[in-house]
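The values are calculated or read from the model by the stated rules, or taken from the named source; none is laboratory data. These figures come from a predicted structure and were not determined experimentally. We place every Cβ from the backbone using ideal geometry, glycine too, and count neighbours over all the protein chains shown. Heads up: the accessible areas ignore ligands, DNA and RNA and are worked out on the full protein's heavy atoms, side chains in. Shrake-Rupley method; radii C 1.70, N 1.55, O 1.52, S 1.80 Å.
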Amino acid sequence: MNAKCYAVSDFEHQHQGALSFEQYQAMYKESVENPDAFWAEHGKRIDWIKPFTKVKNTSFNKDDLHIKWFEDGTLNVSANCIDRHLAEHADQTAIIWEGDSPDQQQHVSYQQLHDEVCKLANGLKKLGVQKGDRVIIYMPMVPQAAYAMLACARIGAVHSVVFAGFSPHAIADRIIDCQASVVITADVNRRGGKALPLKHNVDEALARDDVTTIKHCVVFNNDDKQLDLPSSQVWWHELTKDCAPVCAPEEMNAEDPLFILYTSGSTGKPKGLVHTSGGYLVWASMTHQKIFNYSPGEIYWCAADVGWITGHTYIVYGPLANRATTVMFEGVPTYPDERRIGQIIDKHQVSILYTAPTAIRALMAKGELAAQDSTRDSLRVLGTVGEPINPEAWQWYYEKVGKTKCQIIDTWWQTETGGAMITPLAGTTPLKPGSATLPFFSVQPALVDSDGKELAGEAEGNLVLKGSWPGQARSIYGNHQRFIETYFSAYENVYFTGDGCKRDADGFYWITGRVDDVLNVSGHRLGTAEIESSLVAHEMIAEAAVVGYPHDIKGQGIYVYVTPIAGTEVSEELTKSVRDWVRKDLSPIATPDMIQWAPGLPKTRSGKIMRRILRKVAANEYDQLGDTSTLADPSVVDNLIENRLNR
Ligand code: WT7
């Protein structure tokens, strides 16, 4: 924790218009002590149809939970992201699309964005989609994914984007949970030189008996050829062919839902976090601008996928609200080879790159190649998100990618928080490699011990947040009780993040990782419970337990313990079939890294699996198991150790 500290002046790139550190401190103080006045002012950064008169109306008391911001204001999010820029900047590029293949690209101006969004919005209306209806978006990284999100926002429909790497099973679960009436998808998804069938997964989901709410499926033609569509589906270009490129934006209340995004928890099925319109957009736009010290027109590239919250807030809504030129990349960082990221930066003169530690480590593992054939001189700021960044990866990002000129902006946040929460501000905050530094305005981190006692000064504990911020999720779709239980019941009157964290003597925060049964694999969030329920659905598996273990590139790897059905012969084929099963049933991102067959799992006498032991064995720290005397059968541990796979 006594890491080197870099002053803002240590970096060659200076940031015009950035706050001084003293200004940040004063603004922060005001935002905490006087949130109504602070957000009354900053709420004006977006356009309101009817201006709000009320600002903050929130309580984290679990018996009286309510979270409302700007509650009597009305607005339209798509008008904020598009229409308000048209008068003077219709020709400015809104989206630079870089295809999977390096010779494919497209520049979409704000005017074109407007026209495409309006046409699709009118098309959706033709299909009967109304304000409040749920629309599933299952799309590759093409501009049409953003058009689809904004078209929903324009007519007040609530989108739920499902990451294109998810399985038919995952699509079906989400359709059922939010009772969606329309799916928007594409025929193929291009990644790393291959065209992967995408609609195929939707077809499988729609064929299920329990998927009954979908009335229409809109298909974007992303291939050179056209499939035959069944009569229940319609091509995007057919649907929008005669649609007007003008569609009046629906007037939405600040607290009307904008989208639902599913994410994994420590138990049960993924939760559909509900984000609303006004507070979310204020948070998305203000964080994007202040954190990167963004000025309109600069080329900005967030290399996430729109299927995750990072893509929602920092590819689409935040940047477009700020009149950014936002880059959307269809492919993968290693195709055709590791030079690609640098080449894209040079080609489009990217000033700000925002990516994940796992991508940085993957490039780092390839040695010097990533830095060849590009200068990356256009870069001004480098952002990171998704998991703790280890100091080695931080240094590499700083030295090799940014050539020691750029600040590294390590942003801690979650699907639930809507936007970045603990983060440096470019040009403002001193940096320590591995620390997400200090809270954004109105974010009040605190560390508590397992009894909920707040820890002062230099300390390590569970990270909670006192008090609300505008971008916060308001509920879990269809299950508000679960929302209250998950986030507001572990400790009183605070939001529990699920993360562990240290605070150093300077008050800087260092996230240490999840303290619950949520894994972070290559920056992707996975619940151990979800993977376990997929495993036990395999016909040869009786019981399963999943834990994370330290992995050089992925951050965490997936370690699986499985007990076969009695009489099953364990073989290499069986192990492979288990791996393939999870991959297909959930997603390639959930593919187990290690599968250990175990005749028994370590359980207490009451039948609870002692995960602590499983984690230690998976980490090859089997000599630090601690007390195992409460186990029903202590001998299972010897077997686990003997057959451990991570040596
Ligand atoms: C979890 C949230 C935020 C968008 C992407 C992930 C971990 C996220 C950091 C960071 C350390 C981080 C936390 C958090 N996390 N950013 N900068 N440093 N850990 O969103 O899928 O909702 O996952 O990601 O553990 O709880 P998500």
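A 1.4 Å probe over all protein chains sorts Thr267, Thr375 by accessible area into Thr267, Thr375, starting with the largest. Which FRET efficiency, nearest 0.05, do Thr591 and Met27 yield, Cβ-Cβ r, R0 60 Å? The calculated FRET efficiency here is 0.85.
Show His42, His107, His312 ordered by accessible area, largest first, where the area counts protein heavy atoms only and the probe is 1.4 Å.
Largest accessible area first, the list is His107, His42, His312.
Each Cα pair under 8 Å and six or more residues apart adds its sequence gap; the mean of these over the residue count of the chain is a relative contact order of 13 percent.
In loop segments of region 99-141 as defined by DSSP, the trypsin sites (Lys or Arg not before Pro) with at most 12 further C-beta atoms inside 10 Å of their C-beta are Lys131.
Peptides 29-37, 554-562, 524-532 ranked from most to least packed give 554-562, 524-532, 29-37, packing being the mean of other C-beta atoms within 10 angstrom over each peptide's residues. Rolling a 1.4 Å probe over the protein chains gives Thr512 an accessible area of about 70 Å².
Taken over region 46-133, the percentage of Cα pairs per 10 Å bin, counting from 0 up to the bin with the maximum distance, is 14, 26, 29, 21, 9, 1. Surface calculation, 1.4 Å probe, protein heavy atoms: Glu573 sits at approximately 140 Å² accessible. The solvent-accessible area of Lys290, taken with every protein chain present and a 1.4 Å probe, is close to 50 Å².
For the modelled label position 7 Å from the Cα of Asn639 along Cα-to-Cβ, which residues of region 595-609 have backbone nitrogen atoms closer than 13 Å? Residues passing the 13 Å test: 597-603.
Going by accessible surface with a 1.4 Å probe and the largest first, His551, His114 read His551, His114. Rounded to the nearest 0.05, the FRET efficiency derived from the C-beta distance between Thr568 and Arg45 at R0 = 60 Å is 0.50. For His159, the residues whose amide H sits under 5 Å from its own are Val135, Ile260, ignoring neighbours fewer than 5 places away on the same chain, with H placed 1.01 Å from N.
Ignoring ligands, DNA and RNA, please state the percent of accessible area on the chain from carbon and sulfur, probe 1.4 Å.
Reported share for carbon and sulfur atoms: 48 percent.
Per residue, the accessible area of the chain comes to 38 Å² when a 1.4 Å probe rolls over the protein heavy atoms. Amide H contacts of Glu298: Thr325, each under 5 Å away and 5 or more positions distant or on a separate chain (H built 1.01 Å from N in the peptide plane; Pro and chain starts excluded).
With a simple spin-label model that places each label point 7 Å from the Cα along the Cα-to-Cβ direction, the separation between Asn479 and Gln16 comes to 5.1 nm. Backbone N atoms of region 546-575 closer than 20 Å to the 7 Å Cα→Cβ label point of Ala632 belong to residues 546-547, 561-568. Taking θ as phi - 60° and the Karplus parameters 6.51, -1.76 and 1.60, the scalar couplings of region 298-304 work out to 5, 7, 10, 10, 9, 8, 9 Hz in sequence order, x denoting glycine and proline.
Using the rule -39500 (n - 2.57) for each DSSP H run of four or more residues, divided by the residues of the chain, the 222 nm mean residue ellipticity is -7500 deg cm²/dmol. The separation of region 81-151 from region 595-610, counted between C-alpha centres, amounts to 50 Å. Apply the a/c threshold of 1.5 to the C-alpha gyration tensor of region 1-160 and tell me whether it is rounded, prolate or oblate. It is oblate, given that a/c is not under 1.5 and a/b is not larger than b/c. Listed values for region 277-291 are Karplus-derived 3J(HN,Hα) couplings in whole Hz (6.51 cos²θ - 1.76 cosθ + 1.60, θ = phi - 60°), namely 7, x, x, 4, 5, 4, 5, 4, 6, 5, 5, 4, 6, 6, 5, and x replaces Gly and Pro. Here, the chain yields an orientationally averaged convex hull projection of 28.6 nm² when only Cα atoms define the hull. Computed log10 I(q)/I(0) for region 90-243 at 0.11 Å⁻¹: -0.40, from the Debye equation with unit scatterers placed on every C-alpha and solvent omitted.
For region 186-206, the residues whose amide N sits under 19 Å from a probe point set 7 Å from the Cα of Asp580 along the beta carbon direction are 197, 201.
Between the beta carbons of Arg612 and Asp223, assuming R0 = 41 Å, the FRET efficiency works out to 0.25 to the nearest 0.05. Among beta bridges identified by DSSP and lying wholly in the chain, the antiparallel ones come to about 60 percent.
Couplings 3J(HN,Hα) for region 323-340, derived from phi with the Karplus relation 6.51 cos²θ - 1.76 cosθ + 1.60 (θ = phi - 60°), are 6, 7, 9, 9, 8, 10, 10, 6, x, 10, x, 10, 10, x, 7, 5, 6, 4 Hz, where x marks Gly and Pro.
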